[in-house]
Amino acid sequence: MSDLHHLSVAQLADGLKNQQFSSVELTDHFLKRINKLDEKINSFITVDEEGARQAAKAADEKRSAGDTSALLGLPMAHKDLFCTKGLLTTSGSKMLHNFVSPYDATIVSNIREAGAVCLGKLNMDEFAMGSDNESSYYGAVHNPWDTSRVPGGSSGGSAAAVAAGFVPFATGSDTGGSIRQPASFCGLTGMKPTYGSVSRFGMIAYASSLDQAGTFGRSAEDCAYLLQPMTGHDPRDATSIKREVPDYIADMHSAVKKADTDKPFAGLRIGVAKEYFGQGLDTEVDSNVRNALKQYEDLGATIVEVNITDPAITLATYYMLAPAEASSNLSRFDGVRFGYRCEEPKDLADLYTRSRSEGFGDEVQRRILMGTYALSAGYYDAYYTKAQKVRRLILEDFKKAFDKCDVIASPTAPTAAYKLDTALDPVTMYLGDVYTIGVNLAGLPAISMPAGFTESGLPVGLQLIGNHWDDSKLLSTAHIFQQHTDYHTKLSATAQESI
Ligand code: GLN
């Protein structure tokens, strides 16, 4: 029982079904690990022991009564930007340090209805802006592979919690890479679905045209289990698309069955773009990713050369549009209706000004300033409208690439996890998003999965990008690779610690 956190989601679900352990026991196991080990990781902002125990008990009772829901009794946790009724939702900010949402995000209620047990809320960069989880009001998160390093961001708490063996899977959000990059830094699989496939209702907005909820797990299969109840149309999100929802796990199993045993990827064309292997790419990351691509080839895939937009252009476009949307979205935090309010305001202007400058951290203020500038009357066309036009061209370049291939492969990030407190200047930090942001600008699905290790034992991630609505195909493409390799089975130092 002491190694329950080493099991996959499918194994945990089987164990519950076959009564090898109850949900109460499973929940207890993970809560104990959090209580004992999260002190040095700092992945949770809120641990809801009481709520979790109650939900676990209810799940056990439902199972005795014949309920067979896929996630029944399985522990999980949410990134702290998904609203949870009755539980703190901070978005990693002082601005929301006291905010208890009166309603649940759609994905929160969907996951609960599927039977999962929520253990709490996970640390993140403030308002999901960042790539190292150092901008959280609740302190930096430490990487469970090496606690002197960052876990990536902005969903750093989600990645660290799964990698540390505190929950089998977790939710995250990805506006420019915030699921894929921390998955890569923490040796996990992370899935960012097609824009519009998962509801954004109740997810605190950063940049609405780019934000998308997704999942972290140790494998693509683990991610698929949690993504299933999250996917589907929601009338409360105007960008949510009405479409038939695939059965991810069934699709994976049938893809495995259909595949040739020696050459399971026969017929799969993997696009490789030189733009994704350019300047700034760490040599160890480069060689690990190329080695993983060679393994895909050995398993039958064909590599084809494709071109995508120059990442320098994509980066500039993203860092124009995302702050512009953020400046508008974050205007609702004014100290009046909810969240932080400054002490003894002199008048209304003072209330707004001080609440916002005391409540928001530096990076958030920097982006509000940049975004407001880009949207101001004299500059709107020169910056915002122009960036929107470039965004369209980036999408068209991806479309052209997908005429030649089924998936596009690249490193997820230019480096492995770096040291905490290396005080990256903002622009250097933004450069770390160079391989992930194009996907969000184009609304595409993408996955990051473990594909090797540096000499010092840090995980390296491979990113696979799919065409719109190829989410299921993408999960299967990662799943079959994971059936033939063992990168995803390696455990972080913290996950190897028993209690
Ligand atoms: N690192 C990127 C940013 O800071 C992406 C963040 C995200 O995906 N939420 O904007």
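The values are calculated or read from the model by the stated rules, or taken from the named source; none is laboratory data. Since the model is a prediction, treat every value here as computed from it, not as a measurement. Cβ sites come from the backbone with ideal geometry, for glycine too, and all protein chains shown count toward neighbours. Heads up: the accessible areas ignore ligands, DNA and RNA and are worked out on the full protein's heavy atoms, side chains in. Shrake-Rupley method; radii C 1.70, N 1.55, O 1.52, S 1.80 Å.
Quick notes on this one:
- Pair list, Cβ under 6 Å, 6 or more apart: the range 425-448 residue near the ligand (Cβ under 10 Å from one of its atoms), other residue of a type in the set (D, E, K, R): 436/180
- All of 458, 424 fail the test of being hydrophobic (A, V, I, L, M, F, W, C), surrounded by fewer than 24 Cβ atoms within 10 Å (Cβ to Cβ) and touching a strand residue (DSSP E or B) at 6+ places or on another chain (Cβ under 9 Å), apart from 458.
- Conditions (1) of a type in the set (A, V, I, L, M, F, W, C); (2) surrounded by fewer than 16 Cβ atoms within 10 Å (Cβ to Cβ); (3) under 30 Å from residue 115 (Cα atoms): number failed by residue 255: (2)
- In the range 174-197, the residues that are away from the ligand (no atom under 14 Å from the Cβ) and of a type in the set (Val, Ile, Thr): 189, 194
- Total residues in the range 131-157, condition open to solvent by 10 Å² or more (accessible area, probe 1.4 Å) and part of a loop (DSSP other than H, G, I, E, B): 12
- Some residue of the range 103-125 being within 28 Å of residue 414 (Cα to Cα), in contact with a helix residue (DSSP H, G or I) (Cβ under 6 Å, 6 or more places away or on another chain) and open to solvent by 10 Å² or more (accessible area, probe 1.4 Å): no
- Those residues of the range 374-397 which are within 16 Å of residue 129 (Cβ to Cβ) and surrounded by fewer than 19 Cβ atoms within 10 Å (Cβ to Cβ), in sequence order: none
- The range 198-243, residues that are of a type in the set (Ser, Thr, Tyr), over 13 Å from residue 471 (Cα atoms) and within 16 Å of the ligand (Cβ to nearest atom): 206, 208, 209
- When 410, 498 are screened for being away from the ligand (no atom under 14 Å from the Cβ) and buried (at least 24 other Cβ atoms within 10 Å of the Cβ), only 410 passes.
- For residue 474, the criteria (1) out of contact with any Ser or Thr (no Cβ under 8 Å at 6 or more places or on another chain); (2) farther than 28 Å from residue 302 by Cβ hold in every case but one, which is (2).
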